[in-house]
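Structure record follows, encoded as structure tokens.
The values are calculated or read from the model by the stated rules, or taken from the named source; none is laboratory data. Keep in mind the model is a prediction, meaning the values are calculated, not measured. Counting neighbours? That spans all protein chains shown, and the Cβs are built from the backbone with ideal geometry, glycine included.
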2 protein chains.
Amino acid sequence: MLTEERHQLIRDQLAADGKVLAGELASRFGVSEDTVRRDLRELAKAGQLRRVYGGAVASAPFAAATLSQRSGHAVEEKTRLAKAAVGLLVAGQSLFIDGGTTNEAIARAIPRDMELTIATNSLGVASALADRPLVELIVLGGRYVPELGTCVGADTLAAVAQLGADLFFLGSCGLDAARGVTAFDSAEAEVKRAMAKNSAGIVIAVTNDKLATAAPYRVAGADAIRHLVVEKTAPAATLADFQSQGAQIHFA
Amino acid sequence: MLTEERHQLIRDQLAADGKVLAGELASRFGVSEDTVRRDLRELAKAGQLRRVYGGAVASAPFAAATLSQRSGHAVEEKTRLAKAAVGLLVAGQSLFIDGGTTNEAIARAIPRDMELTIATNSLGVASALADRPLVELIVLGGRYVPELGTCVGADTLAAVAQLGADLFFLGSCGLDAARGVTAFDSAEAEVKRAMAKNSAGIVIAVTNDKLATAAPYRVAGADAIRHLVVEKTAPAATLADFQSQGAQIHFA
DNA sequence: CTGTTTCTTGCATGAATAGGCAAAACATGC
DNA sequence: GCATGTTTTGCCTATTCATGCAAGAAACAG
């Protein structure tokens, strides 16, 4: 195994998990811990990670975001959903991705060697994609809302209006077969509606607790959902309702 | 087998796998490792791959290195500059902050209890400010440039045109008393000019190595600089030139 | 404070590499 | 055909590089 390969794998795991352990890497790569430590030292010197006792953590300005999110809720489920959702992608597509921790997990799960054009109003998603060399990243600016982690407002809407996408990864929403997709904030709903209007298909990845819940602001009908990515344990009855309205169900 | 044939096969495998091993290629082509190494050397000289011990990898699309490399450099100096620069702020002001690692340090140094309105086209700056409860953050979207860590383009310019600020923290630039403020990229320079035009004063914080250097694209004259934050060890003669054109000098 | 884990440093070893050299393959002109 | 010059290739040698090991230092946990 090339030294450079190890470095790349370490960078990848840092981007995905926010941390690496020296011993774990050593056994994974089949080299001594000394070698791994040397790797970590070099990467640290290049500013690509921050050395800590036992391993290393991401050092980028985005480390905080990544880490704080890791400590959040239902991380494993979201990572599984993300991996399944990424399976829907085809190289060369253009995407809208809006906010939410699941969407951030999806952004991190996008392979580094896939060429895509991605427009997002989420800082977390943008940060996760910032170092993907093959991703043409378009940041949708506007007034930043800390509670959502996304930009909203007239500027955001204007930027969305100029773009089109094959798929729209719609996140942080309520989901109900009867009421469709709903959002918790008026301005956020406006942006979601604009993205939905300008994209060919909507993809929604949700954990079970979001299924069959509704928020005040209506974004789109359930029949607008092209792909629904859910946990294996999702209630079959609910899924059938969405399926009957045209959604393809994908299990993580 | 023709030399050119081997070169093409090497390029093919690099595109497919991202790496090649010298020994493996030698046995596959039925030539000595020396010949393969010569091939790799030539291709590396032509910039088509990056030579590493044991073989070669796909040439770095620059993005990974450029920004993160810089972030590792002169961290302490930049932190000191940032603390001094933050001293110029007054609660209630509105700011433009553009890209560069020094500006990211400044963003991190902004006290959490200070109320400000901040517009930025830098993902790093935006991420640093995302959790400041009293900062009204406006993200200036556009096409993201990995090498700069900022958004540029028509969308960015349009967003800047709608805003005004008391201070503009101008970063990642060349600085020369005669040529003024210069940028390394045409689109970047455009955004900086727009921000300069719409702000009442320009603040520049630079490490010594940026002083008395010039880049291709002109942003503003030296007389446009209101505040110049420099290291204590900055050469006095250079500082005098800026001072005579109206800049206030602040030592970190 | 004590023991354990992790980290750095120096060193030895083997693999990979660059440069020099000569033979072979190839092209070119007579 | 023959002679000449060029290019390619493989081999040899000195050097550089990556790695693991050992010893001492530092960080951590109890």
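Consider segment A:18-46. How many of its residues are within 15 Å of residue A:1 (Cβ to Cβ) and part of a strand (DSSP E or B)?
The total comes to 0.
Please go through segment A:191-209 and pick out each residue that is outside any loop (DSSP other than H, G, I, E, B), buried (at least 19 other Cβ atoms within 10 Å of the Cβ) and of a type outside the set (S, T, N, Q).
Once the filter is applied, which keeps residues that are outside any loop (DSSP other than H, G, I, E, B), buried (at least 19 other Cβ atoms within 10 Å of the Cβ) and of a type outside the set (S, T, N, Q), segment A:191-209 yields A:191, A:192, A:194, A:195, A:196, A:202, A:203, A:204, A:205.
I need a count of the residues in segment A:225-251 that are over 24 Å from residue A:193 (Cβ atoms) and in a loop (DSSP other than H, G, I, E, B).
So the count comes out to 5.
Residues of segment A:1-35 being among the aliphatic types (A, V, I, L, M) and either closer than 28 Å to residue A:125 by Cα or within 8 Å of DNA strand C (Cβ to nearest atom) (or both), which ones?
Hits for segment A:1-35 are A:9, A:10, A:14, A:15, A:16, A:20, A:21, A:22, A:25.
Of all the residues that make up segment B:222-244, how many are modelled with pLDDT of 90 or more and loosely packed, with under 14 Cβ neighbours inside 10 Å?
Residues flagged as modelled with pLDDT of 90 or more and loosely packed, with under 14 Cβ neighbours inside 10 Å within segment B:222-244 amount to 2.
Somewhere in segment B:144-152, is a residue within 21 Å of residue B:92 (Cβ to Cβ) and crowded, with 24+ Cβ neighbours inside 10 Å?
No, there is no match, as no residue in segment B:144-152 is within 21 Å of residue B:92 (Cβ to Cβ) and crowded, with 24+ Cβ neighbours inside 10 Å.
Which residues, counting only those in segment A:1-13, are away from chain B (no Cβ under 11 Å) and in contact with a strand residue (DSSP E or B) (Cβ under 8 Å, 6 or more places away or on another chain)?
A:10, A:13
Could you name every one of the strands (runs of 3 or more DSSP E) located completely within segment B:101-176 that has at least 1 residues being facing chain A (nearest Cβ under 8 Å)?
B:135-139, B:142-145, B:150-152
Pairs please, first residue from segment B:31-47 and under 14 Å from residue B:9 (Cα atoms), second anywhere and of a type in the set (Val, Ile, Thr) and more than 6 Å from DNA strand D (Cβ to nearest atom), Cβ atoms under 9 Å, 6+ apart in sequence or on different chains.
Correct list of pairs: B:36/B:10; B:36/B:20; B:39/B:10; B:40/B:10; B:40/B:20; B:43/B:10.
Need the failing condition index for residue A:52 against (1) modelled with pLDDT under 80; (2) more than 12 Å from chain B (Cβ to nearest Cβ); (3) within 16 Å of DNA strand D (Cβ to nearest atom), just the number.
Of (1) modelled with pLDDT under 80; (2) more than 12 Å from chain B (Cβ to nearest Cβ); (3) within 16 Å of DNA strand D (Cβ to nearest atom), only one is false for residue A:52: (1).
Can you confirm whether residue B:172 is buried (at least 19 other Cβ atoms within 10 Å of the Cβ), under 24 Å from residue B:83 (Cβ atoms) and more than 17 Å from the chain's Cα centre (by Cα)?
No: the conditions fail for residue B:172.
When residue A:38 is evaluated against the numbered criteria (1) within 14 Å of chain B (Cβ to nearest Cβ); (2) at pLDDT below 90, which criterion, by number, is the only one it fails?
All conditions are met except number (2).
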